[in-house]
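Below is one structure, written out as structure tokens; comments come after it.
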Amino acid sequence: MRKQRQENNKITSDIIGFTLLAAAVIILLVCNLGIGSVRTPIRDILGSMGRGGAYAGAQASDTVRTILWRIRMPRAMAALILGGALGLAGYLLQTFFHNPIAGPFVLGISSGAKLTVALVMVFLLGSGIRVSSWGMIAAASAGAFLAMGFVLVMSRRVSGMAMLIVSGVMIGYICSAVTDLVVTFAQDADIVNLHDWSKGSFSGITWENVAVMAAVVAVSSAAVLLLAKPIGAYQTGESYAVSVGVDLRRLRMALVLLSSMLAACITAFAGPVSFVGIAVPHLVKKIFRTSKPLVMIPGCFLGGSVFCLFCDLLARTLFAPTELSISTVTAVFGAPVVLAVIRNRKRERG
């Protein structure tokens, strides 16, 4: 009876947690649509969704629609989708390496994807060839897989996880240095603007980009959810996972492919975004007080969406009209979480 009551209380707590995260996503989505250099009240946002505008003048109504549907809505949807993907990628990498500070940015996966995207865009744009959204995804995936391959090779050669993290940071610095060198010597004005992208930004997102990223992230997230049971067994221990019939080789390969694909999708459209993939899984674990994959997977996605929507709102409005890079804001909120995790692990070992 007591156990049943505890389970019911846990289910109720999880429902409340998901409800709060979903509500936070909706509230922040509305705030991202309404707040900016041109403030748009909720009634005007709702009015712009219909044929009749909220304003009496047709010109004003068209202006509101243009701001909302061509600039703010694609950007907000990108922050929602890519933020969720980043939180999920961080959870997968932390699970794979059994390391609480593993993430796409720290392990150099984002930097590897950034390098290949920059190279493709520089050479193709320099030749007058347009790069499609799928082309950016393919380029970013190639870089992410290469960086992840390097990390996997190093994981077999170094004894401690600390050295693995250092190796990932080093490959990240190398890739970032090469990217900066390539972009610096680019001549075309559009290519020079890659400086902004290379620092991380959700600006300039189009509906075509949103459609592509939504398709990639939806398929990848569904695949991760299907792996919830073997991931739970893997978290318990490799010996236990093998005893219940989990194919560790296939599971590890799936975790590598899915985390790299999610990280590549983020980098292709928004550039490298720091600390979200590390901080969000820990924050979600604190909210739900569990590490069960069936809770953590959707929780990390919603948590990543909330984190990026909030940080992008600050990046866009805090010092308007000057816009901060998204990584600057995510580092301010994510770095303290990482420091707290390191401190807590030190206390546990002590």
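Every read-out reported here was derived from the displayed coordinates using simple, explicitly stated rules and does not represent laboratory data. The structure presented is a predicted model; accordingly, all values stated were derived computationally and were not measured. Cβ: placed from backbone, ideal geometry, glycine included. Neighbour counts: every protein chain shown.
Some notes on this structure:
- Nonlocal amide H pairs with Phe202, under 5 Å, H built at 1.01 Å: Ile326
- Annotation: amide H of Ile101 has no partner in the under-5 Å range at sequence separation 5 or more or interchain, hydrogens built in the peptide plane.
- For the chain, the residue among Ala228, Asn8, Leu33 whose Cα projects farthest onto the positive side of the dipole built from Cβ charges is Asn8.
- Using just its DSSP H runs of length 4 or more, each adding -39500 (n - 2.57), the chain gives a mean residue ellipticity at 222 nm of -26000 deg cm²/dmol after division by all residues.
- Under 20 Å from Lys199, Cα to Cα: lysines that are on another chain or at least 8 residues apart: Lys114
- A run of the chain free of exposed loop cleavage sites, with trypsin sites (Lys or Arg not before Pro) counted only in DSSP states other than H, G, I, E and B and at most 14 other beta carbons within 10 Å, reaches its longest extent at 131-288.
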